[in-house]
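Before any comments, here is the structure.
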Amino acid sequence: MNHFIEAIYQSWNVDRGVVAFLLLIAWTYTRGWRRLHLQSPQRFGVVRLLCFFAGLTAFFLAVASPLDAFAGLLLIVHMTQHLLLTMVAPPLILLGAPYLPLLRGLPPKVLKHGAGPFLAGPALQRFGRLVTHPAVCWIAFALTIVLWHIPLFYELALRSEFWHEVEHLSFFGSAILFWWPVIQPYPGDQRWPRWTMILYLLLADLQNTALSALLSFYERVIYPTYASVPRISELTALEDQIAAGALMWVFGSLAYLIPAGLLTIEVLSSRQGVRPSSLSFQTPVGKSRDMSHRPSLRRKAWDLLSTPLVGAVLRWRHFRRAAQAVMFLLAMIVIADGLFGHQMGSMNLAGVLPWTHWRGLVVIALLAGGNFFCMACPFMFARDLGRQIMPARWNWPRQVRSKWFAVGLLAIYLWAYEAFDLWDSPWWTAWIVIGYFVSSFVIDGLFKGASFCKYVCPIGQFNFVQSLISPLEVKVRDPDRCRTCTTYECIRGDSVQRGCELQLFQPKKEGNMDCTFCLDCVHACPHNNVGILAFVPASQLIHDRYRSSMGRFSQRPDIAALILLLVFGAFVNAAGMLKPVATWEETLRDWFNLSSLKPIEIILFVISLLVLPLFLVSLCGTLSRALGRIQVGSRDLICSFAVAFVPLGFSMWLAHLVFHLLTGGYAVVPATQRAVGDMGIGLLGKPDWSLLSALPLLDWLTSLQILFLDFGFLLTLYTGWRIAQRFQSPGTRAFRLFVPWALLAIGLYIVGVWIIFQPMQMRGMMVH
Amino acid sequence: MPDMKVEKAKKKEKRQKDEEFLPLLLFFAFFVFSFAQGYPAHADGGIVLMQRSSGPFVITVFTAPTPLRAGPADIDIMIQDSKNHHPVLDARVTVALSREGGEAIEAEARREQSKNKLLYASLLTLPEPGQWEIEVTVVRYSEETRISGVMMVAPPPPFLLAYWWILALPPVTIGLFVINQWLKRRLKAGWKK
């Protein structure tokens, strides 16, 4: 029997979505409460905080505890769950006066520009007044309770998880409404005289009594499901129903009558019958604290370098070198295994580490933090060696001081990836890595600064562009301090530490473009005034300020071309692994009677990555100019709007590369076992090739991919809209200016969704 | 000059406010990742498919979703002692599904997979609709018993229906944004008047 009880206690159903939602609500409330508590400690006392948290806990217990797991087997358990959702959680939450704390807990921008217009709108205010009217509240609650207890609907909820959740939500929502006029959470006004709430509660008790009496005295089992499920207690189905009815009767009556009693005392003890404070903890007027001395709540940006452990590690002078050494070692392993190991991609570390793991982890790092790959770049050793052996004294030619060269290299790389199936060719992969080492050695051996990173490296360009929407940026902590600085070590360096090799002057630096997260500026700054600060992702895309070493994005067609190549490249690269696309290519090959797929691939590649983007973007620019009646040139418009597509492109890369990481993640184990075994070391045992398909196609992965795409698409639309507003003038319609670009984004989004829903071909991989 | 200073201070404050966004964003990311996992085939019983006494046990088979459809399905089993109806929690339970002329599926039902730890749950993917034979085998110590029955599997729901809430997210957000902008303009116009 002990196992039985143990099993019951283990039957928790902790849904991560619900936990995340409750944590978000709790965090927002606490943030807002903290501010309001400082302003008005009596009105927003600790009791309110405790009540709110008790309410959230009651809600959590109702939906996640064993009550939920056993609700389908015992009616009394289901009743307890419903009582928690209607009689316990809602009044406790309302006693926390959640309206103001939840609003004040929101980021100011979200409150002002997001929620503000809705809350200030007369329609919503009218609606709010309507639904909080006591008559509406009472009827809504009573109807909800009665309707869900009709066997047809109750059975529906028992049979369907979806309707069960709808039932719980409607119970909770209507109960919030029901308790609203009783508790009148601050700053709500009093709609009916206070004494009427006593009648309000007594009427609710009558309804509760009628329903619970029906359950208790009915001679048959009302809900057939409970008659058919196995009995796990001594109670028969009918006894269970009677017990549930009794619980509803007793507990429900207490829940109505105790507040009714308290209200009666209040009304009788108050001469005017105006609401006193026993149910609402309201502060008497005029007792709020003098606000002139309240502490400032303004916070500075969160700084990764100021965090206790991670910050110390990142600030360590040799950290970057250590991280680079690890990556260098991995690069050597990739080269060695790629040249001398088994030549099947999924069985070789050169086929697995760079294409499955590294790419996936890079995009996750960009999403969660910033450009951490460039920080740990393994090619730094070759660059430094080149500088020591060779003169490194020429400036990078002025004619190619742009991103055009990198754009060309990136286009070649994207084509080579498809044409030579690089992901399935360890040998080619090894030579690409070697090529990287040689070119970084030669270029930085001949030219000054970080010419390789800034003008050549395709990986760097990918990271620079995608990190424009990363949440972290190497940035000045206090701009005022920089105004007094005359030595500019952040860019010039000093005798010990070099300054920024990419010529990014910290006070003028905007966004992550061209920043390798090398932290040279952090170490060089004598005032310790450079950190890795948090900011709103993609906010740097909206404005067109002057950026150090780059100028304005709107004046840089090379950067626009780089961005658009990466955006369209994301879709082309993902489409390349689709079965329908491969079939289509084969059909075209047969149509033209060709012996090889290569010419078809080249033509499709040129069309989809060069011709089509150029045509679409030019068309958007022309239409945008014509519709918006704007005097700005098409080129400037294209350069301005191109940056808006970074989030959409990034989301497609993320959806694609995370798919590979999550489905082929275990492949590194047998590939390592094989590589180590080939060296005659039997330490890791025989390769377990079954692990290649060990990660099944997760049923939530498609949802996650579409969700990434959703957010990328929405962020692109929002950024595009804000960019269009930059051009707003009396003669210019921002909306018309925006429409062509929005249509292009919609088109790309639809293509992205189509790609995600297609079966993957996974050429050359053993993972399906 | 003082105006410039005020403007700069305002800009600085605005930037700082922007930066407060990060913790919320992290929560939001967690929230998104949690919801992206969607609703798994909830191993919590569903409806009773059959209940039989066999050997020393009373075996009840639950299926979910309702109606049972081709695709992910949850088949749960409760085993009770036929004498006192106490749940039996230390048995080994296997679920075998077969279809005439079609493929056969076999899976072990385990309590760890179930929300309700009195049930043995098996999460299966039913490849096609139609009539399926189901056989449940229960082994406990030296006792082995099996029950069998028939279940009807309906065709799978439309493909896009499974992703409706994710696909609906952009149009809903855009709709809210349009209303937001419209309200903003109305409010501004109201203030000007």
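The values are calculated or read from the model by the stated rules, or taken from the named source; none is laboratory data. Just so we're clear, the structure is a prediction, and the values are computed from it rather than from any experiment. Please note: Cβ atoms are built from the backbone with ideal geometry, for glycine as well, and neighbour counts cover all protein chains shown. Accessible surface areas use protein heavy atoms only, side chains included; no ligands, DNA or RNA. Shrake-Rupley method; radii C 1.70, N 1.55, O 1.52, S 1.80 Å.
Dipole magnitude for the range A:103-221: computed about the Cα centre from +1 point charges on Lys and Arg Cβ and -1 point charges on Asp and Glu Cβ, it is near 680 debye. The share of Cα pairs per 10 Å bin across the range A:701-752, counted from zero up to the longest distance, runs 25, 44, 21, 8, 1 percent.
Amide H to amide H, with H built 1.01 Å from N, B:L49 comes under 5 Å of B:V61, B:F62, B:T63, counting only residues 5 or more places away or on other chains. In this Cβ point-charge picture (+1 for Lys and Arg, -1 for Asp and Glu), the protein assembly as shown has a dipole of about 6020 debye about its Cα centre. Structure note, pairs A:K475/B:K184; A:K454/A:K509; A:K454/A:K598; A:K109/A:K475: Cα-Cα distances above 24 angstrom occur for A:K475/B:K184; A:K454/A:K598.
Annotation: for a label point projected 7 angstrom from Cα along Cα→Cβ of A:K598, residues of the range A:385-426 with backbone N closer than 15 Å are A:415-422. Accessible surface for A:L588 stands near 40 Å², nearest 10, in the context of the full protein assembly shown (1.4 Å probe). FRET efficiency for the pair B:K83 and A:L262, taken as 1/(1 + (r/R0)^6) with r the Cβ-Cβ distance and R0 = 35 Å, rounds to 0.10. Averaging Cα coordinates gives a centre for the range A:166-210 and one for the range B:56-70; these two points are 40 Å apart. Length available on full extension from A:A336 to A:L50: 0.36 nm per residue minus the Cα-Cα distance, which gives 96.8 nm. The B-A contact accounts for approximately 6400 Å² of buried accessible area, totalled over both chains at a 1.4 Å probe radius.
Using the Cβ-Cβ distance between A:E165 and A:L683 with R0 set to 56 Å, the FRET efficiency from 1/(1 + (r/R0)^6) comes to roughly 0.65. Using the alpha-carbon positions of the protein assembly as shown, Rg (one decimal) and Dmax (whole number) come out as 32.5, 99 Å. Taking the DSSP bridge list for the protein assembly as shown and keeping only pairs wholly inside it, about 95 percent are antiparallel. The accessible area of B:R110, taken with all protein chains in place and a 1.4 Å probe, comes to roughly 90 Å². Considering only Cα atoms, the convex hull volume of the range A:308-433 works out to 152 Å³ per residue. Centre-to-centre separation between the Cα atoms of the range A:403-473 and those of the range A:18-95: 52 Å.
Separation of the range A:494-557 from the range A:359-393 is 16 Å, based on Cα centroids. A full extension of the chain between A:R492 and A:Q207 corresponds to an added length of 94.7 nm, given 0.36 nm per residue minus the alpha carbon distance. Of the whole protein surface, A:H113 contributes about 80 Å² of accessible area at a 1.4 Å probe radius. Helical runs (DSSP H, four residues minimum) scored at -39500 (n - 2.57) apiece and divided by the length of chain A put the mean residue ellipticity at 222 nm at -19500 deg cm²/dmol. Between A:T587 and A:V400, the distance separating the two model label sites (each 7 Å from Cα on the Cα→Cβ line) works out to 4.2 nm. Averaged per residue, chain A has 44 square angstrom of accessible surface, using a 1.4 angstrom probe with ligands and nucleic acids left out. Each listed q (0.12, 0.14 Å⁻¹) maps to a log10 I(q)/I(0) for the range A:417-576 from the Debye sum over equal C-alpha point scatterers, namely -0.63, -0.83. First measure r as the distance between the Cβ atoms of B:V150 and B:E112, then evaluate 1/(1 + (r/R0)^6) with R0 = 30 Å and state the FRET efficiency to the nearest 0.05. Approximately 0.60, to the nearest 0.05.
Multiplying the residue separation of A:L143 and A:L627 by 0.36 nm and removing their Cα-Cα distance gives an extension gain of 169.0 nm.
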